Structure formats: C-alpha cells, structure tokens
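Trainee: Let me begin by handing over the structure; questions about it come next.
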Amino acid sequence: MDLKLPNPIRPAFTKSEREDTTIVNIGPSHPATHGTIQIVAELDGERILRADVHCGYLHRGFEKECEAHTWHNLIPYVDRLNYCSALINNFAYCDAVETLMGIEITPRTKYLRTLLAEYSRIADHLTCVAAALMELGAMTAFLYLVMLRDYIYEHLADLTGARLTYSYGRIGGLARDLPDGWLKRLEEILVQYDDFVGRVHGLVDRNRIFIDRMRNVACLSTADAVNWGYTGPILRSTGVPRDLRKDTPYLAYAELDFEVPTGIKGDNYDRYYVRMREMDESVHMIRQLVDLLQEKGQGPINVEDRRCVLPPKQLVYGEIESLINHFKLVMEGPQVPAGEVYVAHESANGELGFYLVSTGGGTPYKVHCRAPSFVHMGGAHRMLEGYQLADIVPTFGSINMIGGECDR
Amino acid sequence: MSSRTIPIRPETQKSAAFEYIATRKDELIGWARKFSLFPYPFVTACCGMEFMSVSSTPYDTDRFGAALPRFTPRQSDLLMVVGTITHKQAPVLLKVWEQMCEPKWVLAFGVCATSGGFYNNYAAVQGIDRILPVDVYVPGCPPRPEMVIDGIMKLQDKIANQQHLIVNDRF
Amino acid sequence: MSAIFERIREALASRAGEVSVAHGVLVLQVAPGAVLEVAGALKEDFRFDLFLDVTAVDWLPREPRFEVVWHFYSTMHKLRVRVKARVAEAEPVVGSLTGLYGSAHFMERECHEMYGIVFSGNADLRPILLYEGFKGHPLRKDYPKEREQPLVPYREGYEMPGGE
C-alpha cells in the first residue's frame, strides 16, 4: 500500500524506559474497546506498566451543532450522547431548559419520565453487562440479556416510534401519551426480566472462571475514585452510596422507596454486581411508579405553556394565533430567558450534567454536556496500570464507556 | 463461420464453451461467497447497538451466513462500517480497508456512514464513500434490524450476480 | 441561601468578585489569577471533593472574550458551586487544577483544544477529542461550523475542502 496515512494522535510516550518492555497499540478498531478508544500501553511481559488512553474518535461536534439549532431541534442530538439509555439524556436536557424557563412539569409527566428513565437505565445496564460477559466468552448470557433488551426496545418503539434513539422528551412534557395496553406489556416484560436475569446470575455469579477474571482486578479506592471524578455505579462499587437520585432528588425519586447498592472494593466483580442490583432496584421502582401513575398521575402530559409547547393541531388549523405560535416555535424556537443553568441527572454511568447558556433567543448560546464516560476515561489508566493485558477486556467492559457520551 | 467472414468483434474471439463455463463458475463462486460472509464490524456509535441486536435473536444474521465476525481485516471480506466516521477515525478506517484482501465488500450501516447523518460540521466525514467505495448503503438512524437484513440480502444478490475472477483477468 | 453557601461567601468575599446563587448553584465570579486559590479553599476548607467540569464560553465580540467556567460538587454537603473567570483573547491563561484533582487532566485538554484556553501547570495539553494537525479552535464563534480538515484524501469526484 503506497498511501501514507497520518497518525491522528500523539502518544504520551513512544520509547520504553527499560530495555525489556514493549509498547503496544490497542485500538481504536478493537472489539474490546467498543470501537472508539485507543490505548498505548507499555508492557513488561503481560503486565501493563503505563497506559495512555486516547478518546475522541467519535467526536461529532455536538456542542457546535447546538449553537446552530433551536432548543427543540437539539433533542435528537442529545439522544445520541448516551445512546444506550437515550431517554435519560432527553429528560436531563429538557429538565435543564425547563429550569431555565421556570416551567414546572405536570405530575403525569413527572411519573412517566421517572418510569422511562428507570426503564432506560435497565436497557443500558443490560447492554453493558451483556457486552462485558460476551467479551469474556459467556455468549449465552449475552444472548439472554440482548433478547431482554430487544423486548424493551420493541416496547419503547410502541410508545415513541423508535427502538434506540427515541427523541421522546419535549420541553414542557413529552411527545405523546401512553398507548393502550402499554402498562400491561410492561408487566409481562418485567416478569420475563426476572426469569432471564435469574438465569444469568446462575451462570455467572459463582462461576470459578468469572470470579478469577473479575475479582481483585482493577480495584479502585473511594478516595481515588472521587479524585479522578468517578460517579455512578463505579463510585458506588467502591463502597459509598452516592447517588443523585437520593442525594439531590429530582423528578419523582423523592416519593419512591429504593436502595442504593454498593460494592466492597471497587473491582470489576463489584461493578458487575452493582449494575445487576441496580437493575433489580429499577424494576422495583418501575412497579411503584405504575401504581403511582394510576393513583396520582392522571392528567395532561404537557404543561399549558405556549412558550414552548406546540398548540394542538385542531387549533393550529383553526385559529390564527395558534398558527403563528406554531410557526414561531418551529422556525425560531422557544424563547428561553437569558441566563445559565447547570442541571445534573443520575444517568446509567453517573452524573450527566447539562450546562446551558442562553442569551434570550430561540437558539442556545452554548450547550455543554458533562459526560460521565469522558471523565471516567481520564482515570481509566489507574485501573489498567499494574494489571495484565488480558484484564483490559473486563475492565473496559465494566467501565461502560459509551463513545457518543465520551466524545460528544 | 467460413474463413472469409470477419467476427462481430475484432478484439476477442469468444468461445461459447469458455463463456458457458465461466458463467457457471461465477454462479457457483457467487453462491459460495454470498452465503459465507465474514463481516468485520467496524463499530463506532449508536448503530452498534442495532448491530448487536441484528446479530442475536430474534433477527439473527447467522441465518444468512453472515454471523461470524472476524476482528481482523486479514480474515474478513465484508467491512460493515457501523456508525459515524469522524475525520480522526478516517485514517484508521482506510487502513483497515486497505488491509483486507480481495474480494471485499463494504456495507455502510446507518445514515452517518452513508452521508454524515445530521452531523454537518468539522468533525464528521460526510459519508464514507468519500474515502472508500461502498457496495450497499443501509440508511436509518439507527436502521431497524429488518433493514439491515434487507441490506445484507441486497448485497448477496449483488455478489451472486457479479463476476468472480479467480485465475486471471478473464476467468 | 443555605448555610454552607453563606460560609463560603464570607470566607471568599475578598477573593471573589461577585457571589450569587442561580438555580440552586452558588456562582463565584473571580479574577483569573485567583482561581487556584479559590479552588484550593473550596476543596480543603469546604469539602468540595468532586471536580465536575471545566468549560469556556466565547463572548465574542465582548472583551474579555472568554469566560472559563468550573463546576464543583461536594459529596458531603450535596451542593454545587460554579466558579467563573473572564480572560482576554490575547492572554487566555488560567491556573490548572491538575494538582488538586486528577479529573482535571482530560477536561482541561478538551477546553484547551476547543477554545484555546491555556492552563498553566498542566504540562500535557495535547488534543484529546480532535486530532493532530487540526488547526484552529472549533468551538470559538469565529470558526465556521462546516469547515472540515480531512486527514485522508477524498476519492475522485469529491472535492477536498479548501485549505485552512
């Protein structure tokens, strides 16, 4: 091949310090690094001495796109940040804009958003655990969990129209209400969840090989975790029950009864188990929310606020004020008052924050997404150094780096 | 023909038996190749989730022979570019494609690989056909698994009907 | 507002220009030279142990042009603080927080490559989301959104974008 291709990165080290070590490049097109991470590692035999983690291969210019679109138009873009649990991103972004506009959502939307956020969290954890187990060789567990995840995707496609990137949240509410029979199917899926996840527990939890590969690998202490910015299941696996849903409750979490699972030593096994237990807690929360929805969550889903909610179609075709309102909302965007806000939700990976700066127009001045995966990549070398080359696979699987969120 | 009539085309003297055997050979090789695709899933973004779905139950690419992913370009023949390719990733993609041996096909999975998707900015390549030749484009953001299977079937039709030169440039 | 915010306001009133509360977050406007001190005080005295984020806002054509924004969270008090500093385009230098928080490494690299803010004290300001050879700082308001800088030549029939 006579085409000379440039190297897009500059590694931190190109020469090994000792005579007997090798420098190896892993990625970015690699099955274990989820296709977008490159690690330049200095190896002493099988042991990693230094690791230089490079991300950015999926940087799609989200923040620059944001400055060229209206507040409504960004909802599909934020979906594709953490694409495994896209609804959580939608709701976090809509919450941030609603805070800036001073809108309070209706009770039905509050319960529905919480329910769907937990449902998305289950889908994300299923993907993470399935991919991690498959990379260790447990193909059966992968097939069970991905089939379960497929049930969730099809079910959400009934509600939102899309399997993966829903664009369902709206500023001031949601896109549409639940169709008939949706809650009944939800209960069927939750029963199927118990069955499949029970089988995966049986296959994997006390499996000698699994324990040997995951226990005491990539241990992280709490002080280290906080210093390197870890939040979410990784921080909880080190032993501290820090969860934004409990610490700074938002949406309907204050009314729910749930526990925050924690690990003991912050190794790969703890991260796997914390995620499995979090899924169980999410199922418990969803069942409570279905009851809450029947009792206290009847009513409209969209707030009656013409600054951001599109008027009903009959009015748009019937009267001139609604037509103009619709036109201005679509062409110019909702007029958000000037100011700035930082709102964080607990996404499946940790603290997902949106920092919005508005100068009072229909398009944002700046949107910044504080992505948990990006921060976690900053500290990933601490979890890789000192362990073996083959441990990169389970460690990466347990960090749950989502490229869309990491590189934005 | 008698020795006084000239052939219809002066360049090649085609032999009917040779053409018949070459066509049957193409059909046989085409059949074998289309049902034993070894994809290299170059997964970057959200479409990767749909790739995982289409590889497992109930959609299952194994039924089409395209199940076994080979994560090395030396052993694969179908490059599935799944997800957005950014300018940073482009040299990596081109290197992987160059390292694959003939015959090789490229499937652009998702609208970001087809045309850049809705990322029209400094970072995303506006369609991988700017850097590689593409055989099948599967649009969608992300495409439903059925669409991907349709794309694979179209690729299989293309492989079945194309010419497979195995010995030299005529056979 | 809350007791902790009051204590911070009293302790840092001299070093911080303006102190306000916006949507539940304490906002401290400081001079660029005072950022390290304020961040150190927040970490040591007030237990703001989790460094969330550093980013910048480009206020072209206002002077000073950039406003660098840091967010901190305290796992003990469960509160957030935002620190802001305005820096000019001619000398966009602020202190680096890599000595206090490990998570600052990657985030400062991103802020540097996107806006051009220089974090003195951070020895490693390589591009992280962009690639070697990318010229310019894309999130600045004067960088056109669609200006691509391809690393790989395009095939025949596609026009390469004009050089930077």
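Trainee: For segment A:219-265, name all the residues that are of a type in the set (Gly, Ala, Ser) and within 21 Å of A:Ala371 (Cβ to Cβ).
Mentor: Passing the criteria: A:Ala225, A:Gly229, A:Gly232, A:Ser237.
Trainee: Does any residue of segment A:183-198 turn out to be among the small types (Gly, Ala, Ser) and either surrounded by 20 or more Cβ atoms within 10 Å (Cβ to Cβ) or part of a loop (DSSP other than H, G, I, E, B) (or both)?
Mentor: no
Trainee: Report yes if some residue within segment A:348-358 is within 12 Å of chain C (Cβ to nearest Cβ) and at positive phi; otherwise report no.
Mentor: yes
Trainee: Please pick out the residue among A:Gly299, A:Gly266 that is buried (at least 22 other Cβ atoms within 10 Å of the Cβ) and on the phi > 0 side of the Ramachandran plot.
Mentor: Among A:Gly299, A:Gly266, only A:Gly266 is buried (at least 22 other Cβ atoms within 10 Å of the Cβ) and on the phi > 0 side of the Ramachandran plot.
Trainee: If we only count strands (runs of 3 or more DSSP E) wholly inside segment C:8-61, which ones have 3 or more residues that are of a type in the set (Gly, Ala, Ser)?
Mentor: C:16-22
Trainee: Of the residues that sit in segment A:129-148 and are under 28 Å from A:Asp257 (Cβ atoms) and crowded, with 24+ Cβ neighbours inside 10 Å, which one is farthest from the chain's Cα centre (by Cα)?
Mentor: Across segment A:129-148, the extreme among qualifying residues is A:Leu145.
Trainee: Moving to a separate point now. Do we find that B:Gly30 is in contact with a strand residue (DSSP E or B) (Cβ under 9 Å, 6 or more places away or on another chain), part of a helix (DSSP H, G or I), crowded, with 18+ Cβ neighbours inside 10 Å and not aliphatic (A, V, I, L, M) in this structure?
Mentor: When the stated conditions are applied, B:Gly30 does not pass them.
Trainee: OK, next. Report every pair of residues separated by at least 6 positions or lying on different chains whose Cβ atoms are under 8 Å apart, first residue within segment C:146-159 and within 18 Å of B:Trp97 (Cβ to Cβ) and within 7 Å of chain B (Cβ to nearest Cβ), second of a type in the set (Val, Ile, Thr) and surrounded by 12 or more Cβ atoms within 10 Å (Cβ to Cβ).
Mentor: C:Pro150/B:Val125; C:Val152/B:Ile131; C:Tyr154/B:Ile131; C:Arg155/B:Ile131
Conditions (1) free of Cβ contacts under 8 Å to residues at least 60 places away in the same chain; (2) closer than 14 Å to A:Gly35 by Cβ; (3) touching a Phe, Trp or Tyr at 6+ places or on another chain (Cβ under 9 Å), marked per residue:
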position	(1), (2), (3)
B:Gly30	no, no, no
B:Leu37	no, no, yes
B:Ser55	yes, no, no
B:Arg70	yes, no, yes
B:Thr84	yes, yes, yes
B:Leu94	yes, no, no
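Trainee: If you take just the helices (runs of 4 or more DSSP H) that sit entirely in segment A:228-326, which of them hold at least 3 residues that are under 22 Å from the mean Cα position of the chain (by Cα) and of a type in the set (Phe, Trp, Tyr)?
Mentor: Qualifying helices (runs of 4 or more DSSP H): A:268-296.
Trainee: Does segment C:118-128 contain at least one residue that is in a strand (DSSP E or B), more than 28 Å from A:Gly232 (Cβ to Cβ) and either within 10 Å of another protein chain (Cβ to nearest Cβ) or out of contact with any Lys or Arg (no Cβ under 8 Å at 6 or more places or on another chain) (or both)?
Mentor: For segment C:118-128, residues in a strand (DSSP E or B), more than 28 Å from A:Gly232 (Cβ to Cβ) and either within 10 Å of another protein chain (Cβ to nearest Cβ) or out of contact with any Lys or Arg (no Cβ under 8 Å at 6 or more places or on another chain) (or both): present.
Trainee: Could I ask something else about it? What residue, of C:Ala39, C:Ala16, is within 14 Å of another protein chain (Cβ to nearest Cβ), surrounded by 15 or more Cβ atoms within 10 Å (Cβ to Cβ) and closer than 23 Å to C:Ala88 by Cβ?
Mentor: Only one candidate qualifies: C:Ala39.
Trainee: I need the full set of residues from segment C:77-97 which are within 10 Å of chain A (Cβ to nearest Cβ) and among the basic types (Lys, Arg), in order please.
Mentor: Hits for segment C:77-97 are C:Lys78, C:Arg80, C:Arg82, C:Lys84.
Trainee: Does A:Val290 count as touching a residue at least 40 places away in the same chain (Cβ under 8 Å) and either under 30 Å from A:Arg213 (Cβ atoms) or in contact with a helix residue (DSSP H, G or I) (Cβ under 7 Å, 6 or more places away or on another chain) (or both)?
Mentor: Yes.
Trainee: Among residues belonging to segment A:81-91 that are under 16 Å from B:Glu50 (Cβ atoms) and out of contact with any Lys or Arg (no Cβ under 8 Å at 6 or more places or on another chain), point out the one that is farthest from the other protein chains (Cβ to nearest Cβ).
Mentor: My answer is A:Asn82.
Trainee: Name the residues in segment B:87-135 that are of a type in the set (S, T, N, Q) and within 19 Å of A:Ile26 (Cα to Cα), would you?
Mentor: Selection gives B:Gln89, B:Gln99.
Trainee: Now a separate question. Looking at this structure, is A:Ser167 within 14 Å of chain C (Cβ to nearest Cβ) and either in contact with a Pro (Cβ under 9 Å, 6 or more places away or on another chain) or not acidic (Asp, Glu) (or both)?
Mentor: Judged against the criteria, A:Ser167 is not a match.
Trainee: Name the single residue that is surrounded by the most Cβ atoms within 10 Å (Cβ to Cβ) among those in segment C:44-76 being more than 10 Å from chain A (Cβ to nearest Cβ) and touching a Ser or Thr at 6+ places or on another chain (Cβ under 8 Å).
Mentor: Checked segment C:44-76; the qualifying residue surrounded by the most Cβ atoms within 10 Å (Cβ to Cβ) is C:Phe48.
Trainee: For segment B:33-55, which residues satisfy the criterion of being of a type in the set (Gly, Ala, Ser), facing another protein chain (nearest Cβ under 7 Å) and under 13 Å from B:Val148 (Cα atoms)?
Mentor: Correct list: B:Gly48, B:Ser53.
Trainee: Within segment A:207-224, track down each residue that is within 14 Å of another protein chain (Cβ to nearest Cβ), in contact (Cβ under 8 Å) with a residue 24 or more places away in the chain and in a helix (DSSP H, G or I).
Mentor: Once the filter is applied, which keeps residues that are within 14 Å of another protein chain (Cβ to nearest Cβ), in contact (Cβ under 8 Å) with a residue 24 or more places away in the chain and in a helix (DSSP H, G or I), segment A:207-224 yields A:Thr222, A:Asp224.
To keep it simple, each residue is scored yes or no on (1) more than 16 Å from the chain's Cα centre (by Cα); (2) closer than 15 Å to B:Ala45 by Cα; (3) within 11 Å of chain A (Cβ to nearest Cβ).
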| residue | (1), (2), (3) |
| --- | --- |
| B:Val96 | no, no, yes |
| B:Glu102 | no, no, no |
| B:Thr114 | no, yes, no |
| B:Gly117 | yes, yes, yes |
| B:Val125 | yes, yes, yes |
| B:Val134 | no, no, no |
| B:Cys141 | yes, yes, yes |
| B:Asp150 | no, no, no |
| B:Lys154 | no, no, no |
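Trainee: Suppose the filter is of a type in the set (Asp, Glu), within 9 Å of chain A (Cβ to nearest Cβ) and closer than 18 Å to A:Tyr57 by Cα; does C:Glu132 pass it?
Mentor: Here the answer is yes, as C:Glu132 does meet what is asked.
Trainee: Being at pLDDT below 90 and not β-branched (Val, Ile, Thr) is true for just one of B:Gln99, B:Gln89, B:Gln75, B:Gln13. Which residue is that?
Mentor: None of the other options fit; the residue is B:Gln13.
Trainee: Which residues, counting only those in segment A:15-59, are away from chain C (no Cβ under 14 Å) and under 21 Å from the mean Cα position of the chain (by Cα)?
Mentor: Matches in segment A:15-59: A:Pro31, A:Ala32, A:Thr33, A:His34, A:Gly35.
Trainee: Do any residues in segment A:225-239 that are more than 7 Å from chain C (Cβ to nearest Cβ) and surrounded by fewer than 24 Cβ atoms within 10 Å (Cβ to Cβ) have Cβ atoms under 6 Å from those of residues that are part of a loop (DSSP other than H, G, I, E, B) and of a type in the set (Ser, Thr, Tyr), where the two are at least six apart or on different chains, and which pairs are they?
Mentor: A:Gly239/A:Thr262
Trainee: I've got another one for you. For the structure I just gave you, tell me whether B:Arg70 is under 18 Å from B:Ile159 (Cβ atoms), at pLDDT below 90 and out of contact with any helix residue (DSSP H, G or I) (no Cβ under 9 Å at 6 or more places or on another chain).
Mentor: Judged against the criteria, B:Arg70 is a match.
Trainee: Go through segment A:1-31 and give me each residue that's of a type in the set (Lys, Arg) and either surrounded by 10 or more Cβ atoms within 10 Å (Cβ to Cβ) or closer than 24 Å to A:Cys406 by Cβ (or both).
Mentor: If the condition is that a residue be of a type in the set (Lys, Arg) and either surrounded by 10 or more Cβ atoms within 10 Å (Cβ to Cβ) or closer than 24 Å to A:Cys406 by Cβ (or both), then A:Arg10 is the only one that fits.
The values are calculated or read from the model by the stated rules, or taken from the named source; none is laboratory data. Since we're looking at a predicted model, the values are computed, not measured. Cβ sites come from the backbone with ideal geometry, for glycine too, and all protein chains shown count toward neighbours.
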